[in-house]
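**Q** Sharing a structure here in C-alpha cells format.
The values are calculated or read from the model by the stated rules, or taken from the named source; none is laboratory data. In this text, all values refer to a predicted model and were calculated from it rather than measured experimentally. A quick note on method: Cβ atoms are made from the backbone with ideal geometry, for glycine too, and the neighbour counts reach across all protein chains shown. For the accessible areas, the whole protein counts, side chains as well, though only heavy atoms, and no ligand, DNA or RNA atoms are used. Shrake-Rupley method; radii C 1.70, N 1.55, O 1.52, S 1.80 Å.
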Amino acid sequence: MSTLLRNARRYDGTVVDLLLEHGRISWLSSEPKAGVSWSSAGEAGVSRPSDDHDLDGRWVGPGLWDSHVHFGQWALVSRRLDVSGANSAAETAALVRDEVAQHPPAPGTVLIGQGFRDGLWPDAPTPELLEFGDLPVALVSGDVHCMWTNAAALRLLGLPDEAWLLREQDAFDLNVRLSAVPDDRLDAWVLESAATAASRGVVGVVDLEMRGAVASWQRRFGSGFRGLRVRAGVYPDDLDAVAATGIRTGQAVPGTGGLLVGGPFKLFTDGSLNTRTAWCYDDYPGLSGPDAAGLAIHSADELLGLARAAVGRGFLPAIHAIGDRATTLALDTFEALGPLPADLAAIGGSIEHAQLVAAADLPRFAALGVRASVQPEHAMDDRDVADHYWAGRTARAFAYRALWEAGAELALGSDAPVAPLDPWVTISAAVSRSRDGREPWHPEQALPVEAAVQASSGGVRELVTGGPADLVVTDLNPLEASGDQLRGMPVHATMVAGEWTYGP
C-alpha cells in the first residue's frame with residue numbers, strides 16, 4: 001500500500017506532495033527528481049497511490065520522539081491517586097482521607113498515590129499522617145525517587161517500621177513491587193497510553209522502564225502492536241538476560257518490523273533535586289553531614305567498571321546525572337571509556353537530565369560526543385525548589401541554551417510519569433521557560449524553537465526522499481507558534497512507518 005499526502009506545507013512554508021511507500025518517503029514533489037505537479041507525476045516514474053489525502057495546507061514535519069520515558073509507570077499513573085496538588089504533608093494526608101471516604105479500596109489492597117513534592121513544604125511527612133486503621137497506603141513522589149508509606153502497608157509488604165520513608169534505590173524497588181500487575185492488564189493500559197501519545201504526534205520513545213522493558217515490548221509487538229517506535233533500555237539487573245538474546249544498542253529486534261530497537265544501558269550517579277540527593281559541589285541549605293551535598297550512587301571506579309562491562313557487550317551507557325558534581329563524574333566516565341566501537345560511536349552515549357552543569361563542563365558534551373538528554377518541563381516544575389536549594393547557581397540550572405550554544409546534541413523528553421508524555425508541552429517549556437502565566441525563568445536559557453523541535457524529532461532534521469515515513473501533521477506551524485500555542489498544539493494526524501497511528 002502507498003499513501004499520497006497532497007498540499008502539505010513544510011515548516012519553511014514550502015507546499016509539497018509526498019508519496020509514502022514501504023514505510024519511507026519515496027517521492028517529494030518539491031525535489032529536483034520530480035519537479036512536476038502530481039497530475040503528471042507518472043512522467044517522473046511515480047505510481048498513483050492507493051491512499052490519497054489532501055492535507056489542505058496543514059503543516060507536516062518529522063514525527064516527534066520522547067527521549068526519556070518510563071512507559072509502564074506512565075500507563076499506571078492515571079490509575080493512582082493524584083496528590084501532586086498538595087502544598088504540605090497535611091494537605092497530602094487530607095487528599096488520601098477524602099479518597100478513602102469516597103472510594104474505599106478493597107481489603108488487602110494498597111492505596112497508591114503519586115506526585116507529592118515535599119521540597120518546599122512547611123511541614124514534614126510522618127508515618128502518623130497516613131494512618132487510616134488497617135488500610136495500607138503508599139505514596140510515590142513526583143520525581144519517583146521517594147516513597148512515603150504507612151504502618152499497614154509496611155506490615156502487608158513485610159518491611160520494617162523504619163522503612164516508612166524510602167529514597168533512591170529502596171524507593172525504586174518498592175515502586176516496582178507495587179507496580180506489579182498481570183501482563184495482559186498492563187499491556188492494555190500501555191497501548192491506551194501509546195494511542196494517546198500518538199494523538200500528540202509521538203512516533204517514538206526511549207523507554208527506560210526500570211525492569212523488563214525489552215521483554216515487555218517484545219511481548220507487545222509480538223501481539224501485533226505497531227503504534228510506536230521503541231528503543232528499550234536495559235538496567236544492570238537485566239543486562240545478562242538481554243545480552244543473551246543477542247540484542248544490542250541500536251539493533252532492531254527480529255519480528256517487530258524494525259520498530260523495536262535495543263536501547264541504552266541505564267546507570268545512576270546520583271538522586272534528584274526534590275529529595276536533595278542530587279550530587280553537587282555545594283551543600284544544600286540546612287543540611288549537614290556526609291550527604292549534605294547529595295548522594296553519590298557509585299564511586300568513579302564502580303561507575304566506569306559498569307560502563308565498560310556494558311560497552312563490552314554492545315550497550316551504550318545512558319548515565320543519570322542531575323547535580324553538577326554528578327554531571328562531571330558522568331562526563332569523566334565517558335572520557336575514561338575512550339573511543340567506542342564504531343557502531344556505538346555512531347549512536348553516541350547520553351547523560352540523562354544534566355539539570356545542574358558546571359561552566360567548565362558545558363563544552364565537554366560536544367567534545368566527547370555525549371548527548372544531553374533533558375526534560376524542559378522539569379524546569380517549570382522545579383524552578384522554585386531550585387531557587388531555594390540551588391540559590392546562586394540557577395543561571396546554569398536547566399541550562400539548555402548554554403548546552404546548545406556549546407555544541408551539545410540535545411534530545412528532549414518528559415521522564416514520564418514525572419512530567420506528561422507530550423512533546424508539545426516539552427517544546428513549549430524549552431522555548432518559553434514559562435507556564436501558567438508566570439514570568440519566564442532564566443529566559444536566557446530558552447532554546448530557539450527550531451532547535452527545540454529538532455531535538456524532539458529523534459535525530460531527523462527534515463523530510464527528505466528516502467527518509468522514514470514518521471510524520472506529524474499539525475494545524476499550526478510550530479516555528480511560528482507562541483509558548484501557549486505550542487503547549488496545546490492541535491495535532492491533525494500522526495504516522496509511523498507509513499501507517500496512520502492517529503487521524504487523519
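**Q** If I compute solvent accessible area with a 1.4 Å probe over the protein chains, what percent of it on the chain is carbon and sulfur? Please list the in-between numbers first.
**A** Numbers: 9950 of 19630 Å².
That fraction is 51 percent.
**Q** With the crude spin-label approximation of a point 7 Å out along Cα→Cβ, what separation in nm comes out for residue 120 versus residue 91?
**A** 1.1
**Q** If amide hydrogens are placed 1.01 Å from N in the peptide plane, which non-local residues have theirs closer than 5 Å to the one on residue 68?
**A** 206, 414, 415
**Q** I'd like the orientation of helix 300-312 relative to the chain: the angle between its Cα long axis and the longest Cα principal axis, in ° from 0 to 90, rounded to 10.
**A** 40
**Q** Any chance you could get the radius of gyration and Dmax over the Cα atoms of the chain, in Å?
**A** 23.3, 78
**Q** Turning to a different aspect of this structure: Taking the alpha-carbon centroid of each part, what is the distance from segment 164-181 to segment 299-356 in angstrom?
**A** Using only Cα atoms to place each centre, the spacing works out to 25 Å.
**Q** Okay, which of segment 97-131 sit inside 15 Å, backbone N to the point 7 Å along the Cα-Cβ direction of residue 438?
**A** Flagged as within label range: 117-121.
**Q** Principal axis lengths of segment 316-410 from Cα atoms, whole Å, largest first?
**A** Principal extents (largest minus smallest coordinate, Cα): 43, 22, 21 Å.
**Q** Please state, as a whole number in µm²/s, the translational diffusion coefficient that the Stokes-Einstein equation yields for segment 183-256 at 37 °C and 0.692 mPa s, with Rh defined as the Kirkwood radius across alpha carbon pairs.
**A** On the way: Rh = 12.9 Å.
Stokes-Einstein gives a translational diffusion coefficient of 254 µm²/s.
**Q** Count charges around residue 382 for me, please; just the other residues with Cβ under 10 Å from its Cβ, Lys/Arg as +1, Asp/Glu as -1. It would help to have the intermediate numbers written out before the result.
**A** On the way: positive: 117, 383; negative: 143, 377, 381, 384, 387.
It works out to a net charge of -3.
**Q** Over segment 50-189, what per residue volume does the convex hull of the Cα atoms give, in whole Å³? Don't skip to the end; give the middle numbers.
**A** Values: hull volume 26.9 nm³, N = 140.
Convex hull of Cα atoms, per residue: 192 Å³.
**Q** Along the principal axes of its C-alpha atoms, what lengths does segment 243-372 span, in descending order and rounded to whole Å?
**A** 54, 27, 25
**Q** For residue 469, which sequence-distant residues (separation of 5 or more, or a different chain) have an amide H within less than 5 Å of its own amide H, given hydrogens modelled in the peptide plane?
**A** Counting only residues 5 or more places away or on other chains, the set is 24, 25, 497, 498.
**Q** Leaving out ligands and nucleic acids, and using a 1.4 Å probe, what accessible area per residue does the chain come to in Å²?
**A** Details: 19630 Å² over 504 residues.
Accessible area per residue: 39 Å².
**Q** Just subtract the alpha-carbon distance of residue 82 and residue 308 from 0.36 nm times their residue separation and send over the number in nm, one decimal.
**A** Details: separation 226, 0.36 × 226 = 81.36 nm, distance 4.00 nm.
That pair, residue 82 and residue 308, stretches by 77.4 nm at full extension.
**Q** Roughly speaking, what % of Cα-Cα pairs in segment 135-288 are separated by over 22 Å, rounded to a whole number?
**A** Numbers: 6351 of 11781 pairs.
When all Cα pairs of segment 135-288 are counted, 54 percent exceed 22 Å.
**Q** Using helices alone, I'd like the mean residue ellipticity at 222 nm for the chain: each DSSP H run of four-plus residues gives -39500 (n - 2.57), total over residue count, nearest 500. Write out the running numbers ahead of the final one.
**A** On the way: 16 runs with 148 residues, N = 504.
The helix-only estimate for the chain comes to -8500 deg cm²/dmol at 222 nm.
**Q** Can you compute the label reach from residue 1? Point 7 Å from Cα along the Cβ direction, backbone N cut-off under 14 Å, restricted to segment 11-30.
**A** Within reach of a label on residue 1: 20-24.
**Q** OK, next. Counting every Cα pair in segment 125-201, what percent are over 14 Å apart? Could the numbers behind the result be given before it?
**A** Values: 1931 of 2926 pairs.
Tail of P(r) above 14 Å: 66 percent of Cα pairs.
**Q** State, to one decimal in nm, how far the label point of residue 405 lies from the label point of residue 384, with both points 7 Å from Cα in the Cβ direction.
**A** Roughly 2.9 nm, to one decimal.
**Q** Continuing with this model, one more query. Compute the helix-to-body angle for 423-432: its Cα long axis versus the longest principal axis of the chain, expressed 0 to 90° and rounded to tens.
**A** 80
**Q** Using amide H atoms built in the peptide plane, which far-off residues or other-chain residues are under 5 Å from residue 272 H to H?
**A** Close amide H contacts, sequence-distant or interchain: 277, 278.
**Q** How far is helix 89-102 tilted, in degrees, relative to the longest principal axis of the Cα atoms in the chain, given as a value from 0 to 90 rounded to the nearest 10?
**A** Taking Cα atoms only, the helix is inclined about 80 degrees.
**Q** Something else: Is the C-alpha gyration tensor of segment 327-474 telling us rounded, prolate or oblate? Criteria: a/c under 1.5 is rounded; beyond that, a/b larger than b/c is prolate, otherwise oblate. Let's see the in-between values first.
**A** Numbers: a/c = 2.03, a/b = 1.11, b/c = 1.83.
Oblate is the answer for segment 327-474, as a/c is 1.5 or above yet b/c matches or exceeds a/b.
**Q** Show me the ranking of peptides 194-201, 450-457 by mean Cβ neighbours inside 10 Å, starting with the highest.
**A** On the way: 194-201: 20.9, 450-457: 22.8.
Listed from highest to lowest mean packing, they are 450-457, 194-201.
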